[in-house]
Amino acid sequence: MALTEQRKASWKLIGPGIVVAATGVGTGDLVATLMAGERFGYTLLWATIIGCLVKISLAEATGRWHLATGRTIFDGWTDIGRWTHVYFAPYIVIWGFVYGATAMSATALPLNALFPVLPVWGWAMIVGVAGLLFVWFNNYAVFEKVMTVLVGLMFVTVVGLAIVVTPNLGEVLTGLVPTLPEGSTFYTLSLLGGVGGTITMAAYGYWVNAKGWRDATWMRVMRWDNRVAYVMTGLFVIATLIVGAELLYSSNIALNEGDRGLLDLSVVLEDRFGRTVSVVFLVGFFAAAFTSVLGVWHGVSLLFADFVGHLRGKVNRPVEERERSWEFRAYLLWLTFPPMLLLLLGKPFQLVIVYGVLGSFFMPFLALTLLWLLNSSRTPREWRNGWVSNVGLVIAGLLFIVLCANELWSTVQGG
């Protein structure tokens, strides 16, 4: 039963929101934002702000479900129907296999640039094993502290870089007016949907519970945590856009697509500001990538443990028990070692297609199922959606359906 008492929000309590936002902002998001700045200047700044508001709505809904009902998001999906298991099982297995290789290789790139004693695949394997060992032998409290340090590092690095390139404040303000220049649709969708949005958004409720927030008395604190985290994420993404606009757009410098575009930027920075600034950026690049490794290794393993627990009839286990379960550790191993084959062999085309198709459905699946759950009798009346939450989730659902269609079309075209 929801309680009326509300605990006081405090800066000292912030944690799960920082973890989920940082995990969701990967190197792919950074490259997409840099390239949006490189090609369109500040024109798409408004899209980054709307993207943050959408993620605030989604994360708040996930956290509210956990606190208001005392149940996990997977409990809710099971209530909706066993068809959710049919979708989730192949998705989480294939997603983990491909994402493991992607996250390890992205984190290895700055390490290889800083310390070229090993090839990228060698550093990638070290990164994967480091993530495995850290999550295996530590609990949420330690995990959160390390994530917070990495977030601080990436935030200070990129925001500091945005200050160094000296943004034109007048042009920044013009970017707040929604406009769509020719050829900007893909980048607009990326900014709207990519500001900290992955399967790890579904893990937010588990991290909230791991923090010790177990019932509705923590609702105010959770909402404060969520908003502060995504405002910080928004500032981080805006700073990235400023770097792209000031350093690349004004100089007609083009980046390569994919994670190597960040290495291109480090070369530009070295040419413009010297080796020290380039090294600092590469350290921030590493921090941004490694937060995604640690966040996924921990958060998605919790989701998998809950999924298998439901199949075995073990529901509502404490997070601490899930962190030590064989299911949690089995998925940790799955994220780490089988993907190493992809590091050596490349990604098989058919697997990439299945990964893209299944992955593109997840965010609309999350938004629409939250709408279903939080407007039903499964949620105590006082914590059901109001019109603001419903509008936010509807916008999120429609946005991600468009992104899903775009992803499917791109996959078909690529095939």
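The values are calculated or read from the model by the stated rules, or taken from the named source; none is laboratory data. Because the structure is a prediction, the values reported are computed rather than measured. Ideal geometry is used to build each Cβ from the backbone, glycine not excepted, and the neighbour counts take in all protein chains shown.
Tally time: how many residues in the stretch 93-119 are in contact (Cβ under 8 Å) with a residue 24 or more places away in the chain, surrounded by fewer than 20 Cβ atoms within 10 Å (Cβ to Cβ) and β-branched (Val, Ile, Thr)?
Looking only at that region, the number is 2.
May I ask you to verify whether Leu368 is at pLDDT 75 or above and part of a helix (DSSP H, G or I)?
It is true that Leu368 is at pLDDT 75 or above and part of a helix (DSSP H, G or I).
Table: residues versus (1) among the small types (Gly, Ala, Ser); (2) farther than 21 Å from Phe290 by Cα; (3) within 19 Å of the chain's Cα centre (by Cα).
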residue: Ile49; (1), (2), (3): no, yes, yes
residue: Arg82; (1), (2), (3): no, yes, no
residue: Val86; (1), (2), (3): no, yes, no
residue: Tyr99; (1), (2), (3): no, no, yes
residue: Met104; (1), (2), (3): no, no, yes
residue: Val117; (1), (2), (3): no, no, no
residue: Trp121; (1), (2), (3): no, no, no
residue: Gly131; (1), (2), (3): yes, no, yes
residue: Asn138; (1), (2), (3): no, no, no
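Under the condition of being in a helix (DSSP H, G or I) and hydroxyl-bearing (Ser, Thr, Tyr), which residue from the stretch 317-337 is farthest from His66 (Cα to Cα)?
The extreme case among them is Thr336.
So if I check each of Lys8, Lys12, which one is outside any helix (DSSP H, G or I) and more than 20 Å from the chain's Cα centre (by Cα)?
So the residue among Lys8, Lys12 that is outside any helix (DSSP H, G or I) and more than 20 Å from the chain's Cα centre (by Cα) is Lys8.
Those residues that are at negative phi and among the small types (Gly, Ala, Ser), I need them from the stretch 303-341; list them, please.
Once the filter is applied, which keeps residues that are at negative phi and among the small types (Gly, Ala, Ser), the stretch 303-341 yields Ala305, Gly309, Ser325, Ala330.
Name the residue, out of Val142, Val86, Val120, that is among the aliphatic types (A, V, I, L, M) and under 21 Å from Phe285 (Cα atoms).
None of the others qualify; the one that does is Val120.
Is it true that some residue in the stretch 190-202 is assigned to a helix (DSSP H, G or I), in contact with a helix residue (DSSP H, G or I) (Cβ under 9 Å, 6 or more places away or on another chain) and modelled with pLDDT of 90 or more?
Taking every residue of the stretch 190-202 in turn, at least one turns out to be assigned to a helix (DSSP H, G or I), in contact with a helix residue (DSSP H, G or I) (Cβ under 9 Å, 6 or more places away or on another chain) and modelled with pLDDT of 90 or more.
Considering Gly205, Gly244, Gly234, which residue is surrounded by fewer than 24 Cβ atoms within 10 Å (Cβ to Cβ) and among the small types (Gly, Ala, Ser)?
Gly234
How many residues are within 17 Å of Ala216 (Cα to Cα), touching a residue at least 60 places away in the same chain (Cβ under 8 Å) and not polar (S, T, N, Q) if we restrict to the stretch 372-395?
Number of matching residues: 6.
Criterion first (out of contact with any strand residue (DSSP E or B) (no Cβ under 8 Å at 6 or more places or on another chain) and surrounded by fewer than 24 Cβ atoms within 10 Å (Cβ to Cβ)) does Asp306 satisfy it?
Taking the combined requirement at face value, the residue does not satisfy it.
Out of all the residues in the stretch 142-164, is one or more part of a loop (DSSP other than H, G, I, E, B), in contact (Cβ under 8 Å) with a residue 12 or more places away in the chain and surrounded by 13 or more Cβ atoms within 10 Å (Cβ to Cβ)?
No, every residue in the stretch 142-164 fails to be part of a loop (DSSP other than H, G, I, E, B), in contact (Cβ under 8 Å) with a residue 12 or more places away in the chain and surrounded by 13 or more Cβ atoms within 10 Å (Cβ to Cβ).
For the stretch 316-364: of the residues being at pLDDT below 80 and over 16 Å from Val93 (Cα atoms), which is farthest from the chain's Cα centre (by Cα)?
Leu345
Filter the stretch 71-92 for residues that are surrounded by fewer than 18 Cβ atoms within 10 Å (Cβ to Cβ) and either among the aliphatic types (A, V, I, L, M) or within 23 Å of Trp387 (Cα to Cα) (or both) and give the result.
Within the stretch 71-92, Ile80, Val86, Ala89 meet the criteria.
Does the stretch 35-57 contain any residue that is surrounded by fewer than 24 Cβ atoms within 10 Å (Cβ to Cβ), without any contact (Cβ under 8 Å) to a residue 40 or more places away in the chain, out of contact with any Cys (no Cβ under 8 Å at 6 or more places or on another chain) and in a helix (DSSP H, G or I)?
Among the residues of the stretch 35-57, not one is surrounded by fewer than 24 Cβ atoms within 10 Å (Cβ to Cβ), without any contact (Cβ under 8 Å) to a residue 40 or more places away in the chain, out of contact with any Cys (no Cβ under 8 Å at 6 or more places or on another chain) and in a helix (DSSP H, G or I), which makes the answer no.
For Leu153, state whether it is among the aliphatic types (A, V, I, L, M), within 20 Å of the chain's Cα centre (by Cα) and closer than 17 Å to Leu34 by Cβ.
When the stated conditions are applied, Leu153 does not pass them.
Counting only residues that are of a type in the set (Val, Ile, Thr) and in contact with a Leu (Cβ under 8 Å, 6 or more places away or on another chain), which one in the stretch 1-51 is modelled with the lowest pLDDT?
The qualifying residue modelled with the lowest pLDDT is Thr27.
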